[in-house]
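Here's the structure we're looking at; comments come further down.
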Amino acid sequence: MSQASAGATGKARKGAAKGAPRTLVRPLSPHVQVWRWHVTMLGSILHRASGVALYVGTALVIAWAAAVAMGPDTYAEFVRYAGHPLGLLVWFGLSGALFYHLASGLRHLLWDLGAGLKPKTADALTNLSLWFAVIATLALWGWLLFSGAVRLSLTMTL
């Protein structure tokens, strides 16, 4: 729509100089004025963010596989970096993203089947997805640390 045709039907901005091109003052979308935060919005954002994190984390899994293929010295170097507290933080985050994306994907599958679409049920499913991710991530890392499968390597500098 051209400026002239838009200005001809809409209200001009107050205080505009005479002869200046008319600018249309458009109303905001109604949802912006009554916006209320829902846990399902957080769930949607986290689902997308966890998908991106898993996509990026695939590079780490490929690096791990390459280190295994290159031999014991390269693998030991990879384990030193991965065992550093910052490396463990990254792996912890990736496992959390994996558990959340899994639970959220199942939630979306239920929604695609037409179940759980009422607001209270959708909120409950989203909360369940969030809590599952937290509990499963903590359980996994508790087991990894207490079983000795993961050790901190504090002697290394990055």
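Observations on the model:
- For the range 64-88, a residue qualifies if it is loosely packed, with under 13 Cβ neighbours inside 10 Å, hydrophobic (A, V, I, L, M, F, W, C) and modelled with pLDDT of 95 or more, and the qualifying residues are 65, 66, 68, 69, 70.
- When residues of the range 133-155 are limited to those that are surrounded by 13 or more Cβ atoms within 10 Å (Cβ to Cβ) and modelled with pLDDT under 90, the one nearest to residue 80 (Cα to Cα): 153
- Residue list for the range 111-132, filter: touching a residue at least 60 places away in the same chain (Cβ under 8 Å), buried (at least 16 other Cβ atoms within 10 Å of the Cβ) and closer than 20 Å to residue 96 by Cα: 126, 129, 130
- When residue 97 is tested against the conditions (1) aliphatic (A, V, I, L, M); (2) closer than 29 Å to residue 38 by Cα; (3) out of contact with any Leu (no Cβ under 7 Å at 6 or more places or on another chain), the lone failure is (3).
- Residues that are without any contact (Cβ under 8 Å) to a residue 60 or more places away in the chain, farther than 30 Å from residue 78 by Cβ and surrounded by 12 or more Cβ atoms within 10 Å (Cβ to Cβ), drawn from the range 33-63: 41, 44
The values are calculated or read from the model by the stated rules, or taken from the named source; none is laboratory data. Remember, predicted model here, so these are calculated numbers, not experimental data. So basically every Cβ, Gly included, is an ideal-geometry build from the backbone, and we count neighbours across all protein chains shown.
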